[in-house]
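Before any comments, here is the structure.
All of the numbers you see were taken from the coordinates with simple rules; none came from a lab. For clarity, every value in this text was computed on a predicted model and none was experimentally measured. A quick note on method: Cβ atoms are made from the backbone with ideal geometry, for glycine too, and the neighbour counts reach across all protein chains shown.
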Amino acid sequence: METTLRTSVFNASLTRENSKKASTFWEDMEFNRYGVIAVLIIITGCLGGISISFGAGNDVARMLIVALPTSLTLAFILALTPMRLIVTSSAVAVLIDVVMLMIQKL
């Protein structure tokens with residue numbers, strides 16, 4: 001019984017520590033907002049353009065699939081939304097761009 005109690009206390013402290021690290025990470029991202037945004041604009045914008053030109057240029061549906069998340073990410077950046085949303089939408093846009101480029105190569 002005591003072992004279970006100690007394990008649950010240990011797990012609770014690990015959970016608090018992990019959430020503290022995550023909170024610190026997002027606070028650092030907010031503090032470094034303009035540096036991170038510059039990198040995300042270059043990566044998202046350039047990869048979206050490359051993906052449209054080489055992977056999705058022949059089909060309007062594919063072009064729409066690539067252009068919407070990329071444009072949404074850039075709109076979030078302009079609107080100064082929280083960094084968690086900007087980073088998440090940028091990751092989704094980059095993932096879609098890479099998938100479209102891989103589909104074209106197959």
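A compact table of results
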item: FRET efficiency, 1/(1 + (r/R0)^6) with R0 30 Å, evaluated for I50 and L80 via beta carbons; result: 0.65
item: Label-point gap, in nm, between D59 and W26 - each point 7 angstrom along Cα→Cβ; result: 3.6 nm
item: Calculated diffusion of segment 32-105, Stokes-Einstein form, Kirkwood radius summed over Cα pairs, 4 °C and 1.567 mPa s, µm²/s; result: 107 µm²/s
